[in-house]
Amino acid sequence: MKKNKSYLTVVGSIAYDDVITLAGAKDNLFGGSSIYFSIAASNFSNVSIVGTVGNDFKESDFKILSNRNIDISNIKRIKSGNTFRWKGDYKENSEDPNTIFTSLGVFKDFSPILNDLQLKSSHAFLANISPDIQLELAKILKNKNALIGLDTMNHWILEKKNTLIEVIKKINILFINKTEACLISNNSDIDNAAKYLLEYGPDLCIIKDGKNGSYMYSNNEEKFFCPTYNIERVVDPTGAGDSFAGGFFGYLSNISKPEREDFQEAMIYGSSIASFTIEGFGTENLLKVNDENIKNRFEKIKSKVNLEKK
Ligand code: AMP
């Protein structure tokens with residue numbers, strides 16, 4: 001896939017996950033929101049991570065990232081702490097996991113500092129992490145005119161809604177799933193939830209609805225529906241949302257003045273990449289994907305969509 005000189009910075013969790021799904025249970029999977037995002041986006045773009053890991057972080061996992069040319073120079077290792085950990089159980093609900101524990105580890109006291117290249121990013125993504133951390137970066141990047149995306153989850157909506165709203169006021173594209181959109185807006189209708197969220201200022205609000213597809217709402221009242229690629233057997237849904245956002249932002253970062261159709265195609269690329277992630281545990285399947293695989297599923301999804309003509 002074409003890469004130009006665009007530079008895409010992401011902050012978000014870098015984690016070891018334990019997951020229980022209908023396909024089985026696995027522990028210590030390399031994951032976290034910024035990891036799924038950057039692996040997906042690295043198919044299109046030059047990605048750089050801001051984050052932190054603990055003493056338990058494996059060198060081989062750094063290698064996975066650097067082998068894909070993902071810039072890891074601003075991932076800080078804190079010797080006195082542990083890497084972020086999350087355990088989720090999808091047995092009752094295959095799309096919204098029951099969180100068994102979240103342990104912030106070294107992210108608890110993390111304050112992001114961007115390096116010179118990251119400060120010049122044309123695009124930045126605030127992947128799921130504490131809104132306090134997201135807000136620090138949003139303030140810096142807004143002044144630099146970067147196109148900023150944001151994702152979050154129910155945990156942060158319940159714990160830090162006011163800070164999260166402050167972040168939403170500073171970003172351009174909001175990614176959120178249907179349950180979270182309804183929770184934050186206190187509204188059971190997703191059209192109304194999107195309207196509520198757009199009133200805080202983003203240009204676009206993308207609401208993901210798992211296997212049913214995703215919707216993109218714009219602040220001029222347009223709505224676009226993007227279907228999913230049908231998967232025969234979902235192994236582990238973890239990271240689907242982050243991979244979707246990575247495909248979307250990675251694709252978009254190559255386009256200097258994106259128009260409506262470009263955003264729609266970005267959704268289809270996001271949907272294509274996310275379909276690979278959920279076919280394996282953790283990042284195992286996402287890491288195997290090549291340009292041709294992504295393009296094939298892109299075309300299949302696109303054939304189900306009526307794209308707006310330019
Ligand atoms: P998703 O794309 O929503 O399935 O994201 C899954 C990833 O989010 C997992 O790899 C987790 O490590 C990470 N995660 C889970 N809970 C949190 C949280 N509260 N903050 C940041 N990341 C989280």
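The values are calculated or read from the model by the stated rules, or taken from the named source; none is laboratory data. From a predicted model like this one, the values you see are computed outputs, not experimental measurements. As a convention, Cβ positions derive from the backbone with ideal geometry for all residues, glycine included, and neighbour counts pool all protein chains shown. What goes into the accessible areas is simple: the full protein's heavy atoms, side chains included, and nothing from ligands, DNA or RNA. Shrake-Rupley method; radii C 1.70, N 1.55, O 1.52, S 1.80 Å.
Filtered by the rule that a residue be open to solvent by 20 Å² or more (accessible area, probe 1.4 Å) and of a type in the set (A, V, I, L, M), the stretch 115-148 gives 117, 119, 135, 140, 147. Of the residues 64, 113, 100, which is more than 16 Å from the ligand (Cβ to nearest atom) and of a type in the set (A, V, I, L, M, F, W, C)? The conditions single out 113. Please verify whether the stretch 225-244 includes one or more residues that are aromatic (Phe, Trp, Tyr), open to solvent by 10 Å² or more (accessible area, probe 1.4 Å) and over 21 Å from residue 42 (Cβ atoms). Yes, the stretch 225-244 contains a residue that is aromatic (Phe, Trp, Tyr), open to solvent by 10 Å² or more (accessible area, probe 1.4 Å) and over 21 Å from residue 42 (Cβ atoms).
Scanning the stretch 67-86 for residues that are touching a residue at least 60 places away in the same chain (Cβ under 8 Å) and within 14 Å of the ligand (Cβ to nearest atom) yields 83, 84, 85, 86. Hey, can you tell me all the residues within the stretch 1-47 that are farther than 20 Å from residue 288 by Cα, more than 13 Å from the ligand (Cβ to nearest atom) and not β-branched (Val, Ile, Thr)? Answer for the stretch 1-47, where residues must be farther than 20 Å from residue 288 by Cα, more than 13 Å from the ligand (Cβ to nearest atom) and not β-branched (Val, Ile, Thr): 4, 5, 6, 7, 8, 22, 24, 25. Inclusion of residue 99 among residues that are touching a strand residue (DSSP E or B) at 6+ places or on another chain (Cβ under 8 Å), under 16 Å from residue 11 (Cβ atoms) and either surrounded by fewer than 18 Cβ atoms within 10 Å (Cβ to Cβ) or not acidic (Asp, Glu) (or both) is not warranted. Does the stretch 247-264 contain any residue that is assigned to a helix (DSSP H, G or I), closer than 30 Å to residue 28 by Cα and more than 17 Å from the chain's Cα centre (by Cα)? Checking the stretch 247-264: not a single residue is assigned to a helix (DSSP H, G or I), closer than 30 Å to residue 28 by Cα and more than 17 Å from the chain's Cα centre (by Cα).
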